Amino acid sequence: MLSRKGLIPEDYLLTRLAEDVLQPKFKAKQGKARFVAKNGACNVAHTNIREQGRFLQDVFTTLVDLKWLHTIIIFTMSFLCSWLLFGMIWWLVAFAHGDLDQRGDDFVPCVTDIHSFSSAFLFSIEVQVTIGFGGRMITEECVSAIIILIVQNIVGLVINAIMLGCIFMKTAQANRRAETLIFSKHAVISVRNNKLCFMIRIGDLRKSMIISATVRMQVVRRTTTEEGEVVPLDQIDIHMDNPVGTNGVFLVSPLIISHVIDKDSPLYELSAPDLLHEDIEVIVVLEGVVETTGITTQARTSYVSEEILWGQRFVPTVSEEDGMYAVDYSKFGNTIKVPTPCCSAKQLDEVGGIAQFKLKEGVTLRASVRRRRGTMAVRRSRIESQ
C-alpha cells in the first residue's frame with residue numbers, strides 16, 4: 001500500500017541511493033566499438049573525403065562547427081586583414097593624389113593628416129569601426145576616396161554580421177541544452193503489464209520544459225541479408241510505448257520509456273543467456289524544442305549488451321511532500337531485482353504468454369514442494385521405526 005505522504009513503496013526505501021553501488025561492474029568487450037557514445041557523440045570517423053570544397057560552399061555552418069580557438073583566430077584575422085587591405089588602399093590613394101608630399105595651405109588632400117602608411121592604417125581602422133578621433137577625415141576632393149569609404153563600410157558590416165552571428169550560434173547551440181537532459185546509466189528488461197519490456201529512464205534537470213519532446217529507439221547490430229550481404233551497422237527502428245500514450249512525452253518529471261518486446265521487435269528472440277554473448281547496441285534519441293529559445297535540441301545515448309540488466313526495474317523517484325511532488329534524482333538510476341523469466345519473448349509466446357508461464361512455474365514449484373514434504377515424511381517414519 002502507498003502511504004499518503006509518499007508514493008514510494010516501503011521495500012524500495014531499503015535500497016541504497018548510489019547508482020554505482022547497486023549496479024554490477026562491467027568491463028567493455030575488447031574490440032567492440034560503440035556506434036554512439038554514452039554522452040551522445042557519434043563514434044564515426046570520416047576519411048578519404050575528396051570533395052573538400054563542399055565545406056566552403058556553406059561557410060557559415062563550417063565556421064559554427066569549428067572549435068572556439070579556430071573561430072577566435074579567424075575572427076581576429078578577418079578584421080586585421082581587412083584593416084591592412086584598406087589601409088594599403090588609402091595609402092595608395094594618398095600617394096597617387098600627392099597627399100604625402102608637403103604642399104601649401106591652399107592644397108586640399110583626399111584624406112587629411114595622412115603622412116605615412118601608419119596614418120593610413122589608423123584611418124582604415126577609424127572608418128571600419130566607426131571611430132572618429134577628429135584628426136583624419138575624408139574631403140570632397142577625390143571621388144575614388146568616397147567610393148572606397150562606401151565599400152569599406154559595407155565590407156565591415158558584412159564581417160561584423162557573419163562573425164557576430166557565428167559567435168551567437170556557437171553560444172546558443174542546441175547541444176548545450178542537451179547537457180541537462182539525462183538518461184539512466186543502465187537499461188532494464190523485465191515484465192510490465194504481463195509483457196516482457198525493454199525500459200530506460202529519461203529526465204530533465206531544468207525547470208524550463210522541452211516542448212513536443214519525442215523519443216526514438218534503434219537497435220544497431222551486424223546482420224546478414226538473405227542474399228549473403230553483410231551489413232555491419234544495420235539500424236532497426238523499434239516501436240516505443242510512451243507513458244502518455246502519444247508520440248510526444250510530457251517531460252516535467254523523470255519518465256520510464258518502455259518498448260514491448262513482441263514479434264515485431266528485433267529483441268524478440270533475445271534471452272538472458274543470449275544477452276551476455278550478443279553484440280547489440282540500442283540507441284536512444286530524445287528530441288524537442290527548447291521552451292526559452294525555440295531551438296530544436298537533441299540528446300542521444302546508447303546501451304550495449306553489458307549495460308542492459310535482465311530481471312530488474314527502476315525504483316520510483318517521485319514523492320508527495322507538503323502538497324507538491326518532489327523528485328529525488330539520487331534514485332534516478334537505481335534498480336531492484338524482480339521475478340523475470342530468463343527465456344526470450346518468443347519462447348514466452350510459444351508457451352502461451354507470461355500468464356501461462358507463471359502458472360506452469362507455480363505448478364512445478366508446488367509439485368517440488370510436495371515431493372520434498374513426502375521425502376521428509378518417509379525419513380521421519382524410518383527414524384521412528386528404528
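Here, each number is a calculation from the coordinates, and none is a lab measurement. Just so we're clear, the structure is a prediction, and the values are computed from it rather than from any experiment. Methodologically, a virtual Cβ is constructed for each residue, glycine included, from the backbone with ideal geometry; neighbour enumeration extends over all protein chains shown.
Shape class for segment 66-171: prolate, because the ratio a/c of the largest to smallest gyration tensor axis (alpha-carbon atoms, square roots of eigenvalues) is 1.5 or more and a/b beats b/c. Between Ile200, Ile150, Ser118, the Cα set farthest toward the positive side of the dipole of segment 85-234 (charges on each charged residue's Cβ, about the Cα centre) is that of Ile200.
May I ask which of Lys67/Lys170; Lys38/Lys67; Lys195/Lys331; Lys185/Lys337; Lys185/Lys207 have a Cα-Cα span longer than 20 Å here? Kindly include the intermediate steps, with their values, before the conclusion.
Numbers: Lys67/Lys170 9 Å; Lys38/Lys67 22 Å; Lys195/Lys331 25 Å; Lys185/Lys337 16 Å; Lys185/Lys207 22 Å.
Violating the 20 Å limit, Cα to Cα: Lys38/Lys67; Lys195/Lys331; Lys185/Lys207.
Taking a ≥ b ≥ c as the square roots of the Cα gyration tensor eigenvalues, segment 174-226 comes out oblate, since a/c reaches at least 1.5 and a/b does not exceed b/c.
Taking the average, over residues, of other Cβ atoms within 10 Å as the packing measure, peptides 88-97, 179-188 rank 179-188, 88-97 from highest down. Take the alpha carbon gyration tensor of segment 138-181, find the square roots of its eigenvalues, order them as a ≥ b ≥ c, and report rounded if a/c is under 1.5; if not, report prolate when a/b exceeds b/c, else oblate. In terms of gyration-tensor shape, prolate. Under the simplified labelling scheme, the Thr171-Asp264 pair shows an inter-label distance of 4.7 nm, with each label point 7 Å from Cα along Cα→Cβ.
For Asp322 and Lys195, compute 0.36 nm times the residue count separating them, minus their Cα-Cα distance, and round to one decimal in nm. Intermediate values should be presented prior to the final figure.
Numbers: separation 127, 0.36 × 127 = 45.72 nm, distance 3.58 nm.
Here the segment from Asp322 to Lys195 would lengthen by 42.1 nm.
Taking θ as phi - 60° and the Karplus parameters 6.51, -1.76 and 1.60, the scalar couplings of segment 219-225 work out to 9, 10, 8, 8, 10, 10, 6 Hz in sequence order, x denoting glycine and proline.
How far, in nm, would the chain grow between Cys42 and Ile336 when pulled straight, counting 0.36 nm per residue and subtracting the alpha carbon separation? Intermediate values should be presented prior to the final figure.
Working: separation 294, 0.36 × 294 = 105.84 nm, distance 3.10 nm.
Answer, rounded to one decimal: 102.7 nm.
Once the other residues with Cβ under 11 Å from the Cβ of Leu205 are scored (Lys, Arg +1; Asp, Glu -1), what is the net sum? Each step should come with its number before you reach the end.
On the way: positive: Arg177, Arg206, Lys207; negative: Glu179, Asp204.
Value of the local net charge: +1.
Coupling constants for segment 325-336 follow from the phi torsions by the Karplus curve (6.51 cos²θ - 1.76 cosθ + 1.60, θ = phi - 60°), and in residue order they are 8, 10, 10, 9, 6, 5, 9, 4, x, 6, 10, 10 Hz; glycine and proline get x. A cut-off of 5 Å between modelled amide H atoms, ignoring neighbours fewer than 5 places along the same chain, links Ile261 with Leu196, Cys197, Phe198.
Work out, step by step, the length gained on full extension between Asp234 and Asp101: first 0.36 nm times the residue separation, then minus their alpha carbon distance; give nm to one decimal. Please report the intermediate quantities before stating the final value.
Values: separation 133, 0.36 × 133 = 47.88 nm, distance 7.57 nm.
Here the segment from Asp234 to Asp101 would lengthen by 40.3 nm.
Per-residue packing, averaged as other Cβ atoms within 10 Å, sorts the ranges 318-327, 72-81, 223-232, 136-145 into the order 136-145, 72-81, 318-327, 223-232, beginning with the highest.
Beta carbons within 10 angstrom, averaged per residue: use that to sort the peptides 333-343, 302-312, highest first. Could the numbers behind the result be given before it?
Details: 333-343: 16.8, 302-312: 20.1.
Taking the mean over residues of other Cβ atoms within 10 Å, the ranking is 302-312, 333-343.
Can you give the local net charge around Gly40? Use residues other than it whose beta-carbon is closer than 10 angstrom to its beta-carbon, Lys and Arg +1, Asp and Glu -1. In short, +1.
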